[in-house]
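Notes follow the structure.
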Amino acid sequence: MPRAIYLHVPFCEQICHYCDFNKFFLKNQPIDEYIDDVLTEMARTVEAVPPEGPIESIYVGGGTPTSLSSAQLKRLLLGLRNYFPISPEAEWTVEVNPGSADQEKLQMMSAAGVNRLSIGAQTFDSQLLQTINRDHQPGDVLEQILLARQSGITNISVDMMYALPGQTMEHWDDSLNELLQLPVTHVSAYALKIEAKTVFYQMWRKGQLSLPEEEFEALMYERMRSVLSEAGLNQYEISNFAVPGYESSHNRVYWQNKEYYGLGAGAHGYTAGVRTVNHGPLPKYMRAIAEGEFPYLETHRVTKEEQMEEFMFMGLRMRSGVSRSEFFERYNIDVDDAFPEIVPGLFERGLLNEEEGRLFLTEDGLLLGNEVFEKFLLG
Amino acid sequence: MNPEQRIERRDRIRNFSIIAHIDHGKSTLADRILEKTKALTQREMKEQMLDAMDLERERGITIKLNAVQLEYKANDGEEYIFHLIDTPGHVDFSYEVSRSLAACEGALLIVDAAQGIEAQTLANVYLAIDNDLEIIPIINKIDLPSAEPERVKQEVEEVVGLPMDDCILASAKDGVGIDEILESVVKDIPAPAGDPEAPLRAMIFDSVYDPYRGVIVYFRIVEGTVKPGEKIRMMATEKEFEVQDIGVFTPKPESKKELSVGDVGYMIASIKNVSDSRVGDTVTHAKNPAPEMLPGYRKLNPMVFCGLYPVDANGYTALREALERLELNDASLQYEAETSQALGFGFRCGFLGLLHMEIIQERIEREYGIDLITTAPSVIYEVVTTDDEVLEIDNPSHMPDTQKIERVSEPFVKAEVMTPNEFVGPVMELCQKKRGQYIDMKYLDENRVNIVYNIPLSEIVYDFFDTLKSNTRGYASFDYEIIGYKESNLVKMDILLNGEKIDALSVIVHRDFAYERGKIIVDKLRDLIPRQQFEVPVQASIGQKIIARSTIKAMRKNVLAKCYGGDVSRKRKLLEKQKEGKRRMKNVGNVEVPQEAFMSVLSMDENK
């Protein structure tokens, strides 16, 4: 049973060129009605699948949650408090665009229980920020962090992007240096991936986007790993780094294949053995709520085989990897019996390693994770 | 019928065929003749009656021959019996053409009044002359604004050596000149000469498999008489059958009580396989056999080979059944099961030539609904080993090691290209590039040139025809005949992936072209094979020597970074897609190779 919540706020004041999450221009949207509906969804969800115990982690993502007014955001946050029992030690993160959360909003958030921000810095090069259509300036990140600290939120994660169009190694080095000047506890860094239904996709199709070669992307990744680890940010997952003790518990819910509630338009959940996908478009989401139903676009009961697969291909994303004994406890079968010949083959290819009963990716394996994960699909 | 009646009837028979280049109006003329002789009512007329198969009509060529019996009341008041024997117009079937010409005493030579004589026509006229046929020259399409009958007359006289003073000017389309042609058939083509009472000798010029009646033999009686119920023997294959039905086509089949000298018709005799009634074979009586066969029989050997594989591996059985069915009707089609490391299970097939190959491929795809992968066509190489053993190699992967080869020969053709003057340069350049040896060049008139080269057949099957057409903007016509084997500096070139030989991609090439071809192939593979965990060399080699090399760079980064807000199914789908993609690849030398990579190398087109 779930001990974690993902809540989706699908509104933005500006759409980034790379983003394919479920999001809409804020202007003229029925925000208040949407919040009403999310609160209704909370009530129905808790009734149908009560949590196993106090909630340990909450992640409010988007979109841009802070594009809501302080009062609107407050209704959502208090709604969570109202419907779910939340552990006092819970990690409670809200995604923030630099400059989008003012003093008032931050104090409200802090008072509601939010104790961690995930700030979308992406890059500290103003030209590149423009290229990817972010609406902030490099300096806004530090300001946002300082403002948060004044409100008592000191656990700060920053999102970074690399392999951007036209980005050089020098750009990347500069951005990493800027990043390390900031008082952050956690960094997530993603290589740009061109997704369908984005501005970048359209440009790429027309040949208007020059993207770095695979080799260069790999070099940027390696540069980041060494720079961050030298600065005391340990890599604990393929794309995630943290000061020891500040690893995100919410991310680990996904990677450890644990259950979580997914609330709001387009959110994904995993409750009572069923993976759920909510309707993305607001009218559909709101109609389902109005009709007294769950706003599901899809539900899928995860089979035992799929659970085993997901345990492996999600778990191996973490540097600590997966535990053989935990696998056996969960599924009552050894990894090597569930996936015959796979592990030795990956050892041989130098992509996988084992120590003290834990299987984990090698340094080479980090870069070629998909080659490893693919092997743990049974069908 | 008594002997006198048979002689009297024989003398009223005229057997002829029509020689023409594609599009010069053969089928239209045949239709006009059918109309004039009232063989068909208007209602029965279909455009181009003699071409039965859809494919024939679409391509405008005749694949299977047909023979029609017609009655014609001549100006002298007599009723004549005409047999019009249709011939295929393509070089691949030149043996069949020669046999159908051998069934005639005369031929109508049709030349387009605007285009003049073409390479194929020339080849067939020579065949007709070799068979001692009386030739009636006809200049057709005189209705065209661009018609130049005088120029064409002169050209035929010069090139073929036929006197053209009495040639007939016709327009089959408008029905002009048809009466003259029919009268000329009566006057100028001799009646058959054989003795109706002699031991039976009849020549098979075609056979067709019919699912209900077995093989239908098309034949011409040269001597003797045949009736239903008699036992006959095929002199070459020595198979014996009992005649069930004989008759003629009018063009509908019409049973007869007997067929005698000069008759051209069909015979049904419980023959199950067309290979038991081979074109050119002589039919005689089992009891009173003729002492000698008719001359000219030759077993046809395929000259061009390629592998046919079903795109969908499950299509193998269907493909085998399709080939079995086609073989019933086509004694010159050969096939045997073959396994390719790259393409799976399929067949290596032998064809008379490129057109024959294309027709078979198209029929399999169209009539049997099977999508095919076709490997590049090749020929039979003759290899003499150091042990003096002679090997016939139709598949490069069967080629022995270089050290064991004493010498290699390959089939050569005499290629005749007729082209407008302005393209002489490009044509000669192409022939040189294709390792051609210059033989002759003749001006047919101020503007048209006949160029003769000896060229290896392997170069012809590679892409000669397409290149010729594009280099001459479609104006050149081309014909070839096999002239035999000649020694060549040929080598087997292997393709190695990660150091391992891929047998399906081995090719036999001339040593001088090996580097160029090898470079094209390794570069193409480099572009089509996805990156692997390790750097993969792609090499072309002759024996132990690497002649071209390319490198597939190692995969450096393949890992999905993002979490997508807990969207696990998205990650799963991506991994499943990756896995499915690999499932469809073949593992060669520890390298995952997609099907397209093989196909692009195996297909002929270098530009793909």
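Considering only residues that are open to solvent by less than 70 Å² (accessible area, probe 1.4 Å) and on the phi > 0 side of the Ramachandran plot, look in region A:341-379 and name the one that is farthest from the other protein chains (Cβ to nearest Cβ).
A:Gly357
Pick from B:Ala540, B:Ala514: which is under 26 Å from B:Ile380 (Cα atoms), part of a helix (DSSP H, G or I) and open to solvent by less than 10 Å² (accessible area, probe 1.4 Å)?
Selected residue: B:Ala514, the only one of B:Ala540, B:Ala514 that is under 26 Å from B:Ile380 (Cα atoms), part of a helix (DSSP H, G or I) and open to solvent by less than 10 Å² (accessible area, probe 1.4 Å).
Kindly indicate whether A:Ala288 is more than 12 Å from every other protein chain (Cβ to nearest Cβ) and either buried (at least 22 other Cβ atoms within 10 Å of the Cβ) or at pLDDT below 95 (or both).
Criteria not met by A:Ala288.
May I ask you to list the residues in region B:232-272 that are assigned to a loop (DSSP other than H, G, I, E, B) and within 20 Å of B:Met293 (Cβ to Cβ)?
Within region B:232-272, B:Met235, B:Ala236, B:Thr237, B:Glu238, B:Lys239, B:Val243, B:Ser260, B:Val261, B:Gly262, B:Asp263, B:Ala269, B:Ile271 meet the criteria.
Specify the residue that is least open to solvent (accessible area, probe 1.4 Å); the eligible residues are those in region B:188-231 that are of a type in the set (Asp, Glu) and not in a loop (DSSP other than H, G, I, E, B).
B:Asp206
Can you name the condition, by its number, that A:Phe25 falls short on among (1) surrounded by fewer than 22 Cβ atoms within 10 Å (Cβ to Cβ); (2) at pLDDT 95 or above; (3) not small (Gly, Ala, Ser)?
(2)
Would you tally the residues in region B:548-570 being more than 7 Å from every other protein chain (Cβ to nearest Cβ) and crowded, with 20+ Cβ neighbours inside 10 Å?
Looking only at that region, the number is 2.
Kindly provide the set of residues from region B:344-386 that are within 24 Å of B:Lys299 (Cβ to Cβ), touching a Cys at 6+ places or on another chain (Cβ under 8 Å) and touching a residue at least 60 places away in the same chain (Cβ under 8 Å), ordered by number.
Across region B:344-386, the qualifying residues are B:Phe351, B:Pro377, B:Ser378.
Would you check which residues across region B:138-155 are of a type in the set (S, T, N, Q) and in contact with a helix residue (DSSP H, G or I) (Cβ under 8 Å, 6 or more places away or on another chain) and list them?
Matches in region B:138-155: B:Asn140 only.
Can you list the helices (runs of 4 or more DSSP H) lying wholly within region A:144-257 that have 2 or more residues being modelled with pLDDT of 95 or more, crowded, with 20+ Cβ neighbours inside 10 Å and among the small types (Gly, Ala, Ser)?
Passing ranges: none, list empty.
Identify, by number, the condition in (1) within 12 Å of chain B (Cβ to nearest Cβ); (2) surrounded by fewer than 18 Cβ atoms within 10 Å (Cβ to Cβ); (3) under 28 Å from A:Ala267 (Cβ atoms) that A:Met312 doesn't meet.
Here A:Met312 meets the rest and fails (2).
Conditions (1) open to solvent by 20 Å² or more (accessible area, probe 1.4 Å); (2) modelled with pLDDT of 90 or more; (3) hydrophobic (A, V, I, L, M, F, W, C), marked per residue:
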{"site": "B:Val97", "(1), (2), (3)": "no, no, yes"}
{"site": "B:Ala102", "(1), (2), (3)": "yes, no, yes"}
{"site": "B:Gly106", "(1), (2), (3)": "no, yes, no"}
{"site": "B:Glu118", "(1), (2), (3)": "no, no, no"}
{"site": "B:Val125", "(1), (2), (3)": "no, no, yes"}
{"site": "B:Ala128", "(1), (2), (3)": "no, no, yes"}
{"site": "B:Asn131", "(1), (2), (3)": "yes, no, no"}
{"site": "B:Glu134", "(1), (2), (3)": "yes, yes, no"}
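Return yes or no: is A:Pro340 more than 21 Å from the chain's Cα centre (by Cα) and not in a helix (DSSP H, G or I)?
So A:Pro340 fits the description; yes.
Quick one: which of B:Ile495, B:Ile483, B:Ile455, B:Ile508 is out of contact with any Asp or Glu (no Cβ under 6 Å at 6 or more places or on another chain), open to solvent by 30 Å² or more (accessible area, probe 1.4 Å) and outside any helix (DSSP H, G or I)?
Going through B:Ile495, B:Ile483, B:Ile455, B:Ile508 in turn, just one is out of contact with any Asp or Glu (no Cβ under 6 Å at 6 or more places or on another chain), open to solvent by 30 Å² or more (accessible area, probe 1.4 Å) and outside any helix (DSSP H, G or I): B:Ile483.
Quick grid of which residues meet (1) assigned by the TED database to the domain that holds B:Gln341; (2) touching a Lys or Arg at 6+ places or on another chain (Cβ under 6 Å); (3) open to solvent by 90 Å² or more (accessible area, probe 1.4 Å):
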residue: B:Thr386; (1), (2), (3): no, yes, no
residue: B:Pro400; (1), (2), (3): no, no, no
residue: B:Lys404; (1), (2), (3): no, no, yes
residue: B:Glu410; (1), (2), (3): no, no, no
residue: B:Val413; (1), (2), (3): no, no, no
residue: B:Glu422; (1), (2), (3): no, no, yes
residue: B:Gly425; (1), (2), (3): no, no, no
residue: B:Lys434; (1), (2), (3): no, no, no
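I'd like the full set of residues that are more than 14 Å from every other protein chain (Cβ to nearest Cβ), in contact (Cβ under 8 Å) with a residue 24 or more places away in the chain and in a loop (DSSP other than H, G, I, E, B), limited to region A:258-285.
A:Ala272
In region B:524-578, which residues are within 51 Å of the chain's Cα centre (by Cα) and of a type in the set (S, T, N, Q)?
Selection gives B:Gln532, B:Gln533, B:Gln539, B:Ser541, B:Gln544, B:Ser550, B:Thr551, B:Asn558, B:Gln578.
A:Ile119 is checked against (1) away from chain B (no Cβ under 14 Å); (2) assigned to a loop (DSSP other than H, G, I, E, B); (3) open to solvent by less than 10 Å² (accessible area, probe 1.4 Å); (4) of a type in the set (A, V, I, L, M) and fails just one. What number does that condition carry?
Failing condition for A:Ile119: (2).
Counting just the residues of region B:395-442 that are among the polar types (S, T, N, Q) and closer than 16 Å to B:Tyr462 by Cα, which one comes out modelled with the highest pLDDT?
B:Gln432
Consider B:Asp445 carefully, then state whether it is among the acidic types (Asp, Glu), at pLDDT 90 or above and open to solvent by less than 30 Å² (accessible area, probe 1.4 Å).
no
Can you name the residue in region A:291-308 that is within 14 Å of chain B (Cβ to nearest Cβ) and in a loop (DSSP other than H, G, I, E, B) and is also farthest from A:Gly62 (Cα to Cα) among such residues?
Among them, the one singled out is A:Thr303.
Conditions tested, residue by residue: (1) touching a Lys or Arg at 6+ places or on another chain (Cβ under 6 Å); (2) closer than 30 Å to B:Val222 by Cα; (3) modelled with pLDDT under 90.
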residue: B:Pro291; (1), (2), (3): no, yes, no
residue: B:Tyr309; (1), (2), (3): no, no, yes
residue: B:Asn329; (1), (2), (3): no, yes, yes
residue: B:Ser332; (1), (2), (3): no, yes, yes
residue: B:Arg366; (1), (2), (3): no, no, yes
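The values are calculated or read from the model by the stated rules, or taken from the named source; none is laboratory data. Values in this document were obtained by computation on a predicted structure and should not be read as measured data. FYI the Cβ positions are ideal-geometry reconstructions off the backbone, even for glycines, and counts take in every protein chain you see. Keep in mind that these areas ignore ligands, DNA and RNA; they rest on the heavy atoms of the full protein, side chains included. Shrake-Rupley method; radii C 1.70, N 1.55, O 1.52, S 1.80 Å.
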